[in-house]
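Bear in mind these aren't lab numbers, they're just calculated from the coordinates by the rules spelled out. As the structure is a prediction and not an experimental result, all values here were calculated from the model. Using ideal geometry, Cβ is built from the backbone for each residue, glycine included, and neighbour counts are taken over all protein chains shown.
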Amino acid sequence: MAAQHEQAAGAAPQERSAASSLLREVAEVVVLAVILYFGISFAVQAVHVEGLSMFATLDDNDYLIANKIDYRLHAPQRGDIVILRPPTNNSTDFIKRIIGLPGERVLINGGIVYINGHVLDEPYLPEAWTNDNSWPDGNSSGRLMGPDEYFVMGDNRNRSQDSRFFGPISRGRIDGKAWFRIWPLRHFGNIYADLPTLAAFLPGEKQTAA
């Protein structure tokens, strides 16, 4: 009986040790999961597209993944599709494309965008741009963007509320860059097939051969 009692007494610490080890492993997994969750939440976010202001690049009820740390590493670029808060509303997210950059002069005349006098070619526009196709009103030379100002517009110009109406936005109001589409599955992936490009020459200039 004494031997049996000693064996049982020795098994109890082993059971407690195994239970303690299991609890420690569970705690480590939980802590790792929390760290990953907050790390991922800090770096990326899911974006639900509502409306047609970015059609045909993006459609109503598309879902995207947005990168929230990209602009901590470098400045936004022309052609980037961004998630932003308009100057007049902190509680609403808009999704638009960056057209004009800090220090550039932006003019829209008859549906043609000029950047520092150069025509901006925009192959992603889905239809003829007829509504609100001149900006700014009464200023034929355009407007110079400030050192922290970005001019943004939706690709579907006839159905977009953007910098033509609420003005340029500051970098601080840009929350992230749309990265790629995750839904619908048939359109999964790249959303940057078409990008804006500046004409190399001013209107009226002739290219000369080297």
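Dipole of the stretch 62-103, Cα-centred, from +1 at each Lys and Arg C-beta and -1 at each Asp and Glu C-beta, to the nearest 20 debye?
On the way: 6 positive and 4 negative charges, 24 e Å.
Here the stretch 62-103 has a charge dipole of around 120 debye.
Let me see the P(r) profile for the stretch 77-210: every Cα-Cα distance counted, bins of 5 Å, each bin given as a percent of all pairs.
2, 10, 19, 22, 20, 14, 7, 4, 2, 1, 0
Around D70, with a cut-off of 13 angstrom between Cβ atoms, what is the net charge of the other residues, counting Lys and Arg +1 and Asp and Glu -1? It would help to have the intermediate numbers written out before the result.
Values: positive: K68, R72, R171, K177; negative: D80, D175.
It works out to a net charge of +2.
Roughly how large, in nm² to one decimal, is the mean projection of the convex hull of the alpha-carbon atoms in the stretch 132-181? All intermediate terms of the calculation are to be shown ahead of the outcome.
On the way: hull surface 18.3 nm².
If I average the Cα hull's projected area over directions, I get 4.6 nm².
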